[in-house]
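See below for the structure under consideration.
The values are calculated or read from the model by the stated rules, or taken from the named source; none is laboratory data. What you are looking at is a predicted structure, and each value in this text was computed from that prediction instead of being measured. Surface accessibility is based on the protein's heavy atoms, side chains included, excluding ligands, DNA and RNA. Shrake-Rupley method; radii C 1.70, N 1.55, O 1.52, S 1.80 Å.
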Amino acid sequence: MRHALALLAPLLGLGLGLFLSQLAAGATDCKSLGPAEPLTFTPAARARWLAPRVRAPGLLDSLYGTVHRFLSVVQLNPFPSELVKALLNELASVKVNEVVRYEAGYVVCAVVAGLYLLLVPAAGLCFCCCRRRRRCGGRVKTEHKALACECAALTVFLLLTTLLLLIGVVCALVTNQRTHEQMGPSLEAVPETLLSLRGLVSDVPQELQAVAQQFSLPQERVSEELDGVGVSIGSAVHTQLRSAVYPLLAAVGSLGQALQVSMHHLQALNATVVELQAGQQDLEPALQEQRDRLLQLLQEAGCQGDCAGALSRARALELGADFSQVPSVDHVLHRLKGVPEANFSSMVQEENSTFNALPTLAAMQTSSVVQELKKAVAQQPEGLRTLAEGFPGSEAASRWAQALQEVEESSRPYLQEVQRYETYRWIVGCVLCSVVLLVALCNLLGLNLGIWGLSAREDPSQPEAKGEAGAHFLMAGVGLSFLFAAPLILLVFATFLVGGNVQTLVCQSWESGELFEFADTPGNLPPSMNLTHLLGLRKNISIHQAYRQCKEGAALWTVLQLNDSYDLEEHLDISQYTNKLWQELQSLKVDTQSLDLLSSAARRDLEALQSSGLQRVHYPDFLVQIQRPVVKTSTEQLAQELEGLAQAQGSSVLGQRLQEEAHGLRNLHQEKVVPQQSLVAKLNLSVRALESSAPNLQLETSDVLANVTYLKGELPAWATRILRNVSECFLAREMGYFSQYVAWVREEVTQRIATCQPLSGALDNSRVILCDMVADPWNAFWFCLAWCTFFLIPSIIFAVKTSKYFRPIRKRLSSTSSEETQLFHIPRVTSLKL
């Protein structure tokens with residue numbers, strides 16, 4: 001606070017000096033009044049900025065890129081402009097062969113899926129019948145030389161296939177969940193987008209009407225200034241006086257705050273000293289009693305250990321600081337009794353409000369002027385009244401708003417249905433992914449048990465049930481693969497057909513701009529979708545160009561090129577008003593007596609502070625006692641030392657008494673010494689604050705009182721001189737208000753009203769939602785599931801072949817010689833090592 005006052009004092013003197021130099025110049029060049037003050041118009045354009053949606057980068061981006069490359073191979077044909085044109089204009093003219101030609105890649109994939117759907121279940125049925133007759137998936141009947149190599153190779157192939165299945169099913173589960181999570185927020189964004197678009201088209205007439213209604217702002221301003229020309233003159237007076245008034249009021253407020261802070265510290269100092277003195281009176285006999293007991297104990301003959309050191313510290317158990325020696329501040333508090341009487345903050349705010357209300361006060365002090373002009377200005381020009389009605393597309397805007405509202409209301413049931421079917425798809429996807437995961441687990445368990453069985457086969461005493469169990473697990477995986485092959489390929493192809501076409505037909509052409517080119521080509525869109533026809537414009541507009549302009553935040557005026565179909569300047573012709581404002585002004589007078597600058601209560605407070613003698617208090621005497629300890633010796637350390645002595649005593653009685661004295665000393669420290677130390681710290685804060693602020697406070701108080709008295713006496717004369725300088729410039733000033741309004745309307749209508757950013761934002765968000773948040777995980781899901789589905793085939797083959805080697809062998813040969821094997825079959829007790 002002291003630094004703030006020190007800075008305000010030279011600032012106040014500088015402000016008064018600059019103000020006096022301006023008055024001495026006596027300028028009559030309109031700088032004292034200035035041009036028309038800027039009018040603050042409420043923006044008519046409503047904030048409809050649609051937040052862009054962006055998919056955060058993630059680990060699945062590389063997978064999405066792979067799917068995009070795959071789909072680009074599947075769909076090699078360019079955007080089917082003629083086919084889409086026929087679909088939009090005449091559905092009956094669409095030829096099936098053209099659709100098939102465009103969808104050739106998908107037809108090939110459909111053939112592959114159909115073959116899979118027929119052959120894999122058929123193969124599974126044949127395999128089942130074969131197994132019932134024990135012709136397939138049996139066991140190795142005889143052991144031969146290459147048995148181990150064949151088994152190892154099949155095991156490795158099956159393990160690799162299983163790992164690929166695991167990778168695919170994990171990706172499928174992740175993308176399935178990602179699709180399900182993105183579908184809900186994406187569907188919820190549809191009504192939000194429609195609502196934003198409805199606001200875009202429905203608010204245009206209202207915004208134009210709001211623009212026209214704000215003509216009342218310059219009307220009111222001119223009427224105020226014509227009503228005695230008080231507001232404008234008062235504003236000029238206020239502008240030139242504020243360089244002197246504001247610093248002075250700031251100095252008064254800062255001084256009042258410093259006074260309040262000083263009073264707080266002074267009262268805290270006095271109260272703290274009283275508490276310290278009372279605590280000192282209570283602490284002194286307690287210390288005396290404790291010291292006497294300790295001296296008696298430590299002087300006993302049986303005391304062992306460093307009793308002499310403890311005895312010397314016990315003799316120092318007496319008061320260190322004596323707060324009865326500090327000077328009294330009662331005489332200062334007596335002179336400052338009741339201070340602060342005034343609320344300086346409220347007073348400064350009130351004086352600031354009074355000073356800022358000078359324009360209003362000047363208007364009240366002037367009588368009615370140019371009443372006929374006020375009646376003329378109160379009327380609204382005809383062009384502004386018809387501003388909204390003549391704007392192109394006003395009728396179409398209401399129809400569009402109604403249509404978008406109906407679409408929004410009717411889309412909600414369909415969105416709920418989509419959400420429901422998405423839940424079904426998610427459940428089916430989870431079930432089928434779980435089946436694939438179960439197949440992979442069966443393969444892994446079968447491999448583990450089979451390899452365990454093979455290692456145990458070397459020992460004839462070990463049963464071969466482990467290998468048999470491994471084979472059973474492998475065959476269980478085979479059975480699940482055959483059983484769920486059809487649902488898997490059906491789900492893969494259904495999701496592939498939908499998601500692939502969305503990506504290739506919509507997303508790719510959207511991102512490349514082909515959709516905009518198609519829409520801009522004449523004849524592609526039916527008349528019901530022609531934007532130029534719907535808005536009744538004279539020129540055809542490019543949808544792609546309009547989209548780019550909307551994305552940059554352009555208004556409909558620029559996007560739709562309305563300057564050719566709408567004469568804005570005709571609606572802004574207000575020359576009839578400006579021609580009636582040339583009249584002489586009557587004598588004006590501004591009274592500044594209501595500006596007190598300093599209330600009587602605040603003046604009494606400052607005068608009391610000036611005569612209080614606060615700066616004459618000898619604060620170093622306080623600091624002398626503050627720097628001394630409350631007790632000359634540390635009671636905690638002495639208690640700790642007594643506890644150590646009690647441990648060293650040979651006499652248990654003496655040790656117990658020393659423990660009791662240590663405990664009593666600790667209680668004395670917590671109950672009496674610690675509170676005194678806290679009070680000393682509090683006293684130190686108040687003393688140092690007063691010591692640093694009191695010397696300058698008296699000088700600053702005298703300066704503020706002198707400046708307030710001087711400025712209060714000079715204000716009326718200064719106001720009169722200012723009034724004389726600015727009255728000559730008033731007429732030119734009034735012309736600026738209407739010019740500001742016209743310029744604002746022109747800018748608002750041509751650059752800000754009906755910004756079509758929500759349209760481009762809705763299109764961008766729709767593309768992000770459809771392509772990035774829904775189509776990408778959707779396509780990644782069927783891609784991963786297709787991966788798993790087609791890898792079930794090698795999984796089946798390798799599992800069937802590998803299971804034969806895990807089952808017990810019918811015959812085991814004792815020799816690996818080819819001739820012996822062919823001519824003789826001699827059973828052996830031991831088995832060959834695999």
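Over segment 699-807, the hull volume per residue, using the convex hull of the C-alpha atoms, is 259 Å³. Among ASP605, ASP282, the order of accessible area from largest down is ASP282, ASP605, computed with a 1.4 Å probe on protein heavy atoms.
Near the amide H of ILE541, within less than 5 Å, lie the amide hydrogens of THR532, all on another chain or at least 5 residues away, with H placed in the peptide plane.
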